[in-house]
Amino acid sequence: MKITRRGFLTMSGAVGSGLALSSLGIDLRPLRAYADELNKMNRIKSAKQVITTCCYCSVGCGLVCSVDKATGKIFNIEGDADHPISEGSLCAKGAGFFDLTEANKHRLTKVLYRKPYGTEWEEKDWEFAISRIARLVKDTRDKGFVTRNSKGELVNRCETIGHYGSSNVDNEECWVMSVRSRALGLVYIDHQARV
Amino acid sequence: MTNHYCDLKNADVILIMGSNAAEHHPIAFKWILRAKEKGATIIHVDPRYTRTSARCDFHVPLRSGTDIAFLGGMIHYILTHRKYFKDYVVNYTNASFIVSKDFYFKDGLFSGYDQAKRKYSKDTWVLEKDGKGIPKRDMTLTNPRSVFQMLKKHYSRYTLDKVSSITGVSKENLLKVYEIYASTGVPGKAGTECYALGWTHHTTGSQNIRSMSIIQLLLGNMGIAGGGINALRGEPNVQGSTDHCILYGNLPGYLKMPVASLDTLEKYLHKCTPVSKDPQSANYYSNYPKFFVSFLKSMWDNKATKENEFGYNWLPKLDDGKAYSTMHMFDAMYAGKVKGYFCVGADTAVSTPNSNKVRKAMENLDWLVGENIFNNETYEFWRGPGVDPKKIKTECFLLPASASMEKEGSQSNSGRWVQWKYKAAEAPGDAIPVGEIEIKIMAAIKKLYEKEGGPNAKAIVNLKWDYLDSKGRMNVLKISKQINGHFLKDTVVDEKGVKTLYKKGQTVPTFGMLKADGSTSGGNWIMAGSFGANGENKMMKRGKDDPTGLGLYPNWSFAWPVNRRIIYNRASCDINGKPYNPKRKLLEWTGDKWVGDVPDGPWPPMADKAKGKYPFIMKQDGVGSLFGPGMVEGPFPEHYEPLEGPLTKNPLSGQLINPTIEIFKSDMDKTANADAKFPYVCTTYSCTEHWCSGALTRWQAWLLEMQPELYVEIGEKLAQEKGIKNGSRVKVHSIRGQVECVAMVTKRFQPFTVEGKTVHQVGLPFNYGWLFPKDGGDSTNFLTPTVGDANTFCPEYKAFMVNVVKA
Amino acid sequence: MPEKGMIKITDGFERIVHWMLAGSCILLFITGLGMMYRELNFIGNLMGGLVALKYVHNFTGLLFIVSLVLATRMWWHEAGKFSMPEDLDWMMCAGGYLWHVEKVPEIGKYNPGQKMFFLTVVGCGALMGVTGLVMWFPVGLSMDLVRWMYPLHALGFVVLFAFFFVHLYLGTIGNPGTFMAMIDGWATKAWARKQHPKWLREMEESGKLEVYGEEKTEAASH
Amino acid sequence: MNTSELIKVIDTTRCTACRGCQVACKQWNELPGLRTKNWGSYQNPPDLEWNTWTLIRFQEYVNDKGTFKWMFRKDGCMHCTDAACVKVCPSGALYHTEYGTVGIKKNLCIGCKECIAACPFEVPRYNRATDKVSKCDLCLTRLQSNQQPACVKSCPTGALSIGGKDKMMKAAYDRVKELGGDASVYGDKFVGGTHVVYILSEKPEVYDKLPKSPSIPLSVIAWKDWLKPLSLIAGGGVVVGSLLHYILHGPKRPDEDVSGDKHAEGGK
């Protein structure tokens, strides 16, 4: 579900302090400010508004991403005033959510590979990475697989591969990782629940 | 959280202990302040005066690692001053149960301790049963072997003087907190507790929380609006990732990981399914086989059959009694046993204790796969400080991932609300969602096994793994429904005489319909009901109606289990189902049904001896456990000193440290208790402006600008003694490592008087690493020890010993 | 063009410095006023906007400071010091500007009025330079100090602006014959006799007087 | 009663210094974060900057009773009614908006920095790279679109709120009454009343960088109210005086040339 432009406007009316500007009898005069200053507000009005959830602490605050319909890029992110917990408010990290988008020049955008004893990363494609990783996983698993433990009990486990993470991905991704780890027989499985 | 964020507003007293809510959960703190506006008293107990303390009614400083002493003192106070909620304690807890005659406690140890194994045999930690197998009870609570009397006796040693001497809290402050908090032990008042890593990051972490659970049960605060025990968890989906159990010891839905001795499904189910002979105990976990078999079906679908025990033996099995947590993994990696490592959305080279050991351990890896949105110290360990890349054999992959707003899916908040989020934009460059990366890698592995075979290849080749759509992208909805569960054949369900036909392939609307015969699948039973039988995705719901006025918002997203917003909610009513506090009516029995929140089961209240059930339906005995034999340290929490502390003797017993913690023994696992070279108690924490290891937030200029580099907070008195000026550079050492950082001299750390001596405490954030920013300092975890809670292996980040010197 | 018999009052360097000072001053007035009065913001349009005007003002200010330093060095000897008692006498009768005076006391090349004007220009000019520079580069100074630069700058302006008009008047229609002295450097002897009799006499006696169309030496024998 | 006049109330007693506002401001106004150093305080950047229009100030304070307090104050433009910055701004870049707040038209700013010296709260900041001064405009375009300013919207605890003047002032005074002690409303008693008003728990003089009784600096008054007209009077006076002198006294002409020099009037 995507909230409408109207939704964005109504939701921002009554937030935080519980005071709606529109309810205060404010005279909405024609916009007289300068074009460059106006730009962002106008862009928001014509943008697609997409709801997401904050990716830091576990309060689960709602956020609204304003997406430029022409470029498909996010250009503004602020609180979702309809959200019953956050009511539009955000802390420092949430308020800076925009800096996690591709606007942040530090984002990883390429598959990187470092060969043994290499001193730098090399750019690779997905095909290389996935097939190579699959091969490494299989070789490592098969070599160190423990079918029976020292007592002779059937254990079918792989103690040579560890998996860590992540509490910072979606439920569906968590489940996929949890299940694939078990199918592989991994036992060193952990994530940030412990840190 | 037993309750949820909006519910914090319903409390009359909020004890924030083991949490710095204002800094780490600023929006949760909104609800705490809303309670305050309505007259609630907010108490902050923390070693350091923080932004939370600044907005509380008062702050009580406590020496790190002494929470059980503090809370034990409160239990003692509640019992001796008769502040407990008697009706609740008698009916809804095991206070009236009788403890086995063989059980004892002596000088810090419970019965059954094996010194060599550092483990207890729990054989004597049992409650007596009558001839029918129903627990014996003494409703007068006067039997000296009753749990109530045993509890009273156990905590009689936690006197004000003793507690004050251990914790460094003045007696006046202790009494102030005890009195105010204990005032909630009446029907009309609710007290809640907010904790976070300040409680879990200890060698006694689980018992810290259990101590509070005991208090909440004594005061009748469990299961009520404005009550409960609320873990303010630290990551966006740590609730979900825990629910799906990316954890060595559990399978999705907290099902138990099979161990080697349980070689058949039958044995496993027998062991894991609790039995109660008490007809009034719902003992909901008697349904365990349904959840477990449905999970196996979700993994292997039609390849899992009754004949092959639904694939039970394809699952890996742990050795009995052995743990495989992060610390164990790095210990094994350090010993050269772990050769390959997937590090997904994490920065373990910064976040794991004893970073020197962790970074050294990684040098033994053959390969490393990183998946993240930013680079970090873990992925670049091969060229970290003091590491020569030309000597590191590890083959490394760093795979670009989509950020949160670049993918669709659900996240579970700490209040168990599973909220759907939408994709706002494409990820930059080649980045794709982590789930998609994992699906593709596993699909490639599966192909290899189909072609080449290998040990236990069936587990892989039979795996249901069709989660990419026609365009080769992750099919989120399909996975989500797989988690919810399906009917695998046409099924007629009889609900109170109404028969409904569910067709094969329909989503299961509630876990009550899961089956142990293989006719249903359920990737995670607690998530059953996140979809309606008609396929409606309830996680997307955005209804704002609040019929109870308590802020439950039943139509906003989906809360597990079965959209219940406050768990154990039947305990908010008396035995006849009438709310204890009519002003905050969470639930009420109207004679034929419950009205309010989704009740903990449909049965009548327990006064109905025929059909009625006890309120704590997930407990074997149906009541809250004051006596809790599930813990490895003992049924009653006991104060032990941290592995590293300022004392040579535990003031309460002859047992200095937690007798059941695992001691890691590698050459890099050094400790220094009460060592003059490391005289100051140190604790670590985060700050509002950064998140966890800082691996996401350090790359963000707005946030980095506010907290640009590593610092150590030092009290004015200690700074004066050491000649350290505010803003100057200092080195902080532990026996394991050191960090250099800026000294922040503050009035917010005050020395403690412990056992008559002055003990200084300092603290550092753990948000920095060498990779970025270059001049921001490195990981605080160079200082921390490899040791953790004996139940969960949550590392001890909160109490250890250091020295501070001018740089 | 000068005519025969006119005498050299100023040399080329003097005139260049004078006009640098005068020009920068006028430009500073105009640009300053353009900023001081929002009604006069349009002046900025002539220069390509108010920002440009600001820079014209700031850099003209630098030119002004240079000119002022040169002028001070050049004129300090003749105009920076009062010579008693004649300057006092001159002042007693206000140089004959305000009421009719039969015989204005004889004074040197610059009368005390001009000297006062000069000193005021030097003083206020320095004030304008210093305050202007602080306003331009306020970094590192206490805000209380910076704050007072503005009224001081305005005060200097008030004085200079007023003096400017006095000077303009006296240098043109108020004292006929003066203006050309700053254009080509020549004035009539009569003008010099009226304005600076003592200087004229001294110059004539020392034989330093330069008369248009005459050899210098001739003047000595005159 | 002027209903269109807006007041933003900063209730320091509710602020948790989460700094959501500080970042929300930067996000909305697209202001960059710059590299800073830890200078022994959480407060960073240490002061308002051209890229930091709102800043949470952290202050450790022990009152006369010996009670320790950690005080947080959100600093930023106070949006004065008698705004010194508007008064001194030569270009009209700074102006009063329809809400009574002080807006800034970036394109008109000429970077003269006069407002910097004039502001009694030391709010406007200069960016050398752009040669412009910047400050909070209370998210004017948001107000004009019926949205709360970014800071107010982000505030979790209700420490920030905005609304019509009368209602907000009443709420502020009610809150102060509820708080008691040294609590006070700060903002309505000077510079014609500010459009950002604090609820302070301590006496104003206790707070870092908060003037006890701010006013338009005397220097600004001396300059704009006295010297500016005086310059006209002086300039005009001299012109008129000169004319009068010319008319009444006449120019100082050289005497008839007794030596036979050619009569000349140097000037043409």
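Derivation of every value follows stated rules applied to the coordinates shown; laboratory data play no part. Computed from a prediction, not measured in an experiment: that's the story for all the values here. For neighbour counting, all protein chains shown are included, and Cβ atoms are generated from backbone atoms with ideal geometry for every residue, glycine included.
The alpha carbons of the protein assembly as shown give a radius of gyration and a Dmax of 40.8, 152 Å, in that order. For B:Lys806, the lysines whose Cα falls under 26 Å of its own Cα, not counting residues fewer than eight places away in the same chain, are B:Lys357, B:Lys670, B:Lys677, B:Lys717, B:Lys722, B:Lys725, B:Lys731, B:Lys747, B:Lys757, B:Lys774, B:Lys798, D:Lys37.
Only alpha carbons enter this Debye calculation for the range D:51-148, each as an equal point scatterer, and the log10 of I(q)/I(0) it gives at q = 0.14, 0.19, 0.21, 0.24 Å⁻¹ is -0.58, -0.90, -1.03, -1.26.
B:Thr671 sits among other residues whose Cβ lies under 10 Å from its own Cβ, and their net charge, with Lys and Arg +1 and Asp and Glu -1, is -1.
What size of dipole, in debye to the nearest 20, comes out for the range B:381-468 about its Cα centre when the only charges are +1 on Lys and Arg C-beta atoms and -1 on Asp and Glu C-beta atoms?
Working: 14 positive and 11 negative charges, 60 e Å.
It works out to roughly 300 debye.
Partners of B:Lys101 within straight-line reach, counting aspartates and glutamates whose Cα lies under 17 Å from its Cα and excluding those fewer than 8 residues away in the same chain: B:Asp123, B:Glu128, B:Asp130, B:Asp138. Straight Cα distances below 18 angstrom link B:Lys117 to the aspartates and glutamates B:Asp319, B:Asp320, B:Glu633, B:Glu662, B:Asp789, with same-chain residues fewer than 8 positions distant left out.
For the range B:583-643, the spread of Cα coordinates along the three principal axes comes to 54, 29, 16 Å, biggest extent given first.
With 26 Å as the limit, the listed pairs B:Lys122/B:Lys271; B:Lys132/B:Lys578; B:Lys152/B:Lys619 have B:Lys132/B:Lys578 beyond it between alpha carbons.
Only helical runs count toward this figure. For chain D, summing -39,500 (n - 2.57) over DSSP H runs of n ≥ 4 and dividing by all residues gives -7000 deg cm²/dmol at 222 nm. The convex hull drawn around the Cα atoms of the range B:511-625, when projected onto a plane and averaged over every direction, covers 8.7 nm². Averaged over peptide C:153-164, the number of partner chain Cβ atoms lying within 10 Å of each residue's Cβ comes to 5. Between D:Arg19, D:Arg35, D:Arg125, the residue with the greatest mean-square fluctuation in the GNM of chain D (Cα pairs under 10 Å linked by springs) is D:Arg35.
Projecting the Cα positions of D:Gly100, B:Ser241, B:Phe58 onto the charge dipole of the protein assembly as shown (unit charges on Cβ atoms of Lys, Arg, Asp and Glu, taken about the Cα centre) puts B:Ser241 furthest along the positive direction.
Would you mind calculating the relative contact order of chain B from Cα pairs under 8 angstrom and at least 6 residues apart, reporting the percent as a whole number?
Details: 1840 pairs, mean separation 131.8, N = 807.
Reported relative contact order: 16 percent.
Axis of helix D:165-179 versus longest Cα principal axis of chain D: the two differ by about 50°, to the nearest ten degrees. Think of the protein assembly as shown as a dipole: +1 on every Lys or Arg Cβ, -1 on every Asp or Glu Cβ, centred on the Cα centre; then among B:Tyr158, D:Val62, B:Pro561, B:Pro561 lies furthest on the positive end. Over chain C, DSSP H runs of length four or greater, each weighted -39,500 (n - 2.57), average out per residue to a 222 nm ellipticity of -21500 deg cm²/dmol.
Which residues among the range A:71-98 fall inside the zone where the amide N is under 16 Å from a point 7 Å beyond the Cα of A:Arg43, along Cα→Cβ? Backbone N within reach: A:71-78, A:97-98.
Taken over chain B, the alpha-carbon convex hull comes to 166 cubic angstrom per residue. For B:Leu647, neighbours were defined as the other residues whose beta-carbon sits under 14 Å from its Cβ, and their charges (Lys and Arg +1, Asp and Glu -1) total 0. Comparing B:Val805, B:Phe782, B:Val732 along the charge dipole axis of the range B:680-806, the residue lying farthest to the positive side is B:Val805, per the Cβ-charge model. The distance between label points at D:Asp131 and B:Lys117 comes to 8.1 nm (points 7 Å beyond Cα on the Cα→Cβ vector).
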